[in-house]
Amino acid sequence: MRQGSSWLPGAIGALIGVAVIAAFGGGVPVDGEAAEQFLLGAATLGRAVTEFVAVGFGLGLVMFGAVRLAGHRRERRAAAAHDAARLAPSAATEVVVSFPRLADATASEFDDVPPRVPASITSLTEAQVERQRAERKRAEHHAGLKGA
């Protein structure tokens, strides 16, 4: 059984379904002719609703069992695979590494290139301050151009 899963919600659902079926499943006593016709129609509707709820409950119960069975089988397969992997002798993996046929020890094509410098890391606050400074300089420059 998976950790964290519980049978309690399924059991509560089953009890609610049984209670609904028991409540709607009983017969209705009738006295008068008009009341008899009305109650007969209501009883027919009640039976239809009861059958609908019962079929839904039955299908839900079957699906609940199917999901639990599938989960149990999946866990059993995973445990078997884990045990098989743990007990199997470890096979050496073959790694193929290709080397260049002629190694250029001089590396002359890299002599003129300056070494790469790591990029500086700018924090969000620094970026905001720099952006504000640039906006201020642009505004001052723009104001200077308008005044000239």
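Only residues that are at pLDDT below 70 and within 50 Å of the chain's Cα centre (by Cα): list them for the stretch 102-148, please.
Within the stretch 102-148, F110, V113 meet the criteria.
Regarding G71, is this residue modelled with pLDDT of 80 or more, under 40 Å from the mean Cα position of the chain (by Cα) and assigned to a helix (DSSP H, G or I)?
It is true that G71 is modelled with pLDDT of 80 or more, under 40 Å from the mean Cα position of the chain (by Cα) and assigned to a helix (DSSP H, G or I).
Among the numbered criteria (1) among the aromatic types (F, W, Y); (2) surrounded by 10 or more Cβ atoms within 10 Å (Cβ to Cβ); (3) modelled with pLDDT under 90, which single criterion is violated by F64?
(3)
The values are calculated or read from the model by the stated rules, or taken from the named source; none is laboratory data. All figures in this text were calculated on a predicted structure; none of them were measured in a lab. Cβ: placed from backbone, ideal geometry, glycine included. Neighbour counts: every protein chain shown.
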